[in-house]
Amino acid sequence: MDYLDHLEAEAIYILREVAGQFENPALLFSGGKDSITLVHLAKKAFRPGKFPFPLVHIDTGHNFPETIAFRDWLIEQTGEKLIVGLVQDSINAGKVIEQKGKNASRNPLQIVTLLDTIEKHSFDACIGGARRDEEKARAKERIFSVRDEFGQWDPKRQRPELWNIFNGRIHKGENVRVFPISNWTELDVWNYIKRENIALPSIYFSHERDVVLRNGQWMAAADCLNIDAEDRVEHRSVRFRTVGDMTCTAAVSSQAVELDDIIAEIKASTVSERGARMDDKVSEAAMEERKKQGYF
Amino acid sequence: MNILKFITAGSVDDGKSTLIGRLLYDTNSILDDQLEAIQKANRKNDDGTVDLAILTDGLKAEREQGITIDVAYKYFQTERRKFIIADAPGHIQYTRNMITGASNSDLIIILVDARKGVIEQTKRHSFIAKLLSLKQVLVCVNKMDMVDYEQAVFENIKTDYEKLARNLKLEHVDFIPVSALKGDNIVAKSDRISWYTGPTLLDYLENVEFEEKNNSSWRFPVQWVIRPQTAELPDYRGYAGRVLGEGLTVGDEVVVLPSGVRSSIKSIELNQIELDAAHNGQSVILHLSDDIDISRGDFIVSATNAALSERSFEANISWFENKALDMNQVYLLQNHSKVTKIKIPEILYKFDVNTQERIYDEDIRLNDIGRIVVKAADDVVFDLNRDFPENARAIIVDPRNNLTVGALIVEDFA
């Protein structure tokens, strides 16, 4: 079997296991290419039926406008249900406090909003687009990853995961994070997007925009970046390799306007995808620590 | 391009992580920021070169202790293949992790230290390869640099291992002399081992093919029933699942197990396109000619070559929990999408995992492998390992804490 067919069949199998094993699952949708790929796979798994789960978006309020527009277009196209959890609501309710200073980011705050949204809707499984090649802590995470009632991941107490048999049994209050594209690499995702002709937000492709240099990386010049007199705003041809919150997702200089250009760029790249994520650069165990707290 | 999944077995001392690190490094699969992170971590070999082992140790505790605790999956790709490496610890106290990694692999690389030859650990890893019916064993005789690249050392180890393979009835075994640390015969052919004319490790992995056992029968565990019940599709009823084996074709006579009801394949759907046949590993939707009651956990199988449906059987079991297997406890058996209550009323014997000798009258505890009798509350649909290994596998869940406490492979009738 061709390798993309194999990866696709495995992901569909995992999505159907979620449908079969859980009463109230959800698909965590960020508006990034990985979760867009998940939506495409869900169509293959469940059409002509409806998805047996809603899409859930945790919106920091600092998303790229292009991402939000794309999200709403996709919901319209698929006719599936969308639930939005707003970080602003968590801030208003006093559950989290916004970071101060120039490099303030709402990225860490979304853990609280995510956990609150899971609790509010009693989701027992949350499907996510994380991949094991992204980061070394993720390389160790199971496809069915059990979280305790505080949403925490305990790397030392993971269930053995054998063959293609997934144990999703949990106690009330616990939930499972499920990662159907665990075995995909960044390049696999792009090759699949090309093969399947999957639509993406425009910011993945090279475009002209105002950017500002922060900590050696080009960030989109948006209000939430607290731009002041010291910042030099430049107009450059860039694209985004991952799409997260504007405060933590850096752009790369790029002329890639077609999928083929992007694939060629990734093949030639000497920096990993998460190299442009400020949130991973904090410390060597940054991702592991966030996952322990309940991160995606 | 297709996928090869393999596991590397061996302990820290055998240079297992170094071997994987070398494969990744020499195929340019490590990027600058990852290398930078490694250099920051500042772990060096004795000769001052960067310790490639750190690439595979993902957890803080592992980096702190310099050991691999859990299975890590690593990915790399060449023009010919995509590779998925299960990197599992080799020490006896992590047998369960190795079994987990091996269960998700087709091929096992067994590392043998050229200075030590075939040791207890080699035997244990080979036994696990046999237990899980891995399709291919590749013995890498590592640290050839430490024995002056001598051919006689390699040949002696090969002879010893062939004896072991015969005893275990391992059918497909190959050998390569390497030095992971120096990079000999990993990606590039080594001038220092000129007497060896076979492929390098990467050549081998890129080209190895397996004999598929099941090219004439198939099983279809039903995962999910698709019933839109809309105005346009009032009567649509599709059975979603993933095909095991080969030969599933429109028109096939089928039997649904455990009910025993017969029907035939009306159509096969993949992504809303109709197919004439479905193949091993495909996730498809089946439609049957008759309107019968089928739900998640049922098996649709070929009527000419049906699976077994029994309440008891004999199996090899691997135990994962500190708490010993309790013969009075009700456990849950999960095979594919079906969960059945079981008891394990009898432990026939357990294996000494190093010598494969049988041990009688002992509990089955963490990391043990044994032979048991299973009694189920309902019919369980399965095949024997020798006939159809993909349908002889199950996990065992403890309903008290929901943990996966064991895995079993059905070997015989009870």
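The values are calculated or read from the model by the stated rules, or taken from the named source; none is laboratory data. Values in this document were obtained by computation on a predicted structure and should not be read as measured data. Glycine gets a Cβ as well: all are built from the backbone with ideal geometry, and neighbour counts include every protein chain shown.
Annotations
- B:Ser263, sole failed condition from (1) modelled with pLDDT under 95; (2) in a strand (DSSP E or B): (1)
- When residues of region A:119-142 are limited to those that are part of a loop (DSSP other than H, G, I, E, B) and more than 10 Å from chain B (Cβ to nearest Cβ), the one surrounded by the fewest Cβ atoms within 10 Å (Cβ to Cβ): A:Ser122
- A:Arg132 being touching an Asp or Glu at 6+ places or on another chain (Cβ under 8 Å) and either of a type in the set (Lys, Arg) or without any contact (Cβ under 8 Å) to a residue 12 or more places away in the chain (or both): yes
- Top-ranked residue in region B:386-414 [being modelled with pLDDT of 95 or more and closer than 19 Å to B:Glu171 by Cβ; ranked as surrounded by the fewest Cβ atoms within 10 Å (Cβ to Cβ)]: B:Glu411
- Filtered residues of region B:197-213 (kept if in contact with a helix residue (DSSP H, G or I) (Cβ under 8 Å, 6 or more places away or on another chain) and in the same structural domain as B:Ala180 (by TED's automatic domain parsing)): B:Gly198, B:Pro199, B:Leu201, B:Leu202
- Of all residues in region A:24-34, those that are modelled with pLDDT of 95 or more and small (Gly, Ala, Ser) total 1.
- Subset of region A:106-118 (residues that are surrounded by 22 or more Cβ atoms within 10 Å (Cβ to Cβ) and in contact with a Ser or Thr (Cβ under 6 Å, 6 or more places away or on another chain)): A:Arg106, A:Gln110, A:Thr113
- The residues on offer are A:Pro180, A:Pro160, and the sole one that is surrounded by 22 or more Cβ atoms within 10 Å (Cβ to Cβ), assigned to a loop (DSSP other than H, G, I, E, B) and free of Cβ contacts under 8 Å to residues at least 24 places away in the same chain is A:Pro160.
- Per the conditions (1) on the phi > 0 side of the Ramachandran plot; (2) at pLDDT below 90, the sole criterion not satisfied by A:Cys224 is (1).
- Of everything in region A:20-49 that is over 16 Å from A:Thr185 (Cα atoms), out of contact with any helix residue (DSSP H, G or I) (no Cβ under 7 Å at 6 or more places or on another chain) and of a type in the set (Gly, Ala, Ser), the residue that is farthest from the other protein chains (Cβ to nearest Cβ) is A:Ser30.
- Any hit, region B:351-366, residues being in contact (Cβ under 8 Å) with a residue 60 or more places away in the chain, within 24 Å of A:Gly168 (Cα to Cα) and surrounded by fewer than 20 Cβ atoms within 10 Å (Cβ to Cβ): yes
- Scope region A:54-81; condition surrounded by 15 or more Cβ atoms within 10 Å (Cβ to Cβ) and aliphatic (A, V, I, L, M); matching residues: A:Leu55, A:Val56, A:Ile58, A:Ile68, A:Leu74, A:Ile75
Residue-wise test of (1) surrounded by 19 or more Cβ atoms within 10 Å (Cβ to Cβ); (2) more than 14 Å from chain A (Cβ to nearest Cβ); (3) over 30 Å from B:Gly281 (Cβ atoms); (4) among the aliphatic types (A, V, I, L, M).
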residue	(1), (2), (3), (4)
B:Ala86	yes, no, no, yes
B:Arg96	yes, no, no, no
B:Ile109	yes, yes, no, yes
B:Val112	yes, yes, yes, yes
B:Asp145	no, yes, yes, no
B:Asp174	no, yes, no, no
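- Within region B:220-249, tally of residues that are away from chain A (no Cβ under 13 Å) and buried (at least 16 other Cβ atoms within 10 Å of the Cβ): 3
Here's the yes/no breakdown for (1) assigned to a loop (DSSP other than H, G, I, E, B); (2) within 12 Å of chain A (Cβ to nearest Cβ):
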residue	(1), (2)
B:Ile99	no, yes
B:Val118	yes, no
B:Thr122	no, no
B:Ile128	no, no
B:Glu155	no, no
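- Just so you know, in region B:62-95 the residues that are touching a helix residue (DSSP H, G or I) at 6+ places or on another chain (Cβ under 8 Å), of a type outside the set (Lys, Arg) and in a helix (DSSP H, G or I) include one that is modelled with the highest pLDDT, and it is B:Thr95.
- Test: residue in region B:106-115 that is farther than 19 Å from B:Ile20 by Cβ and in contact (Cβ under 8 Å) with a residue 24 or more places away in the chain: yes
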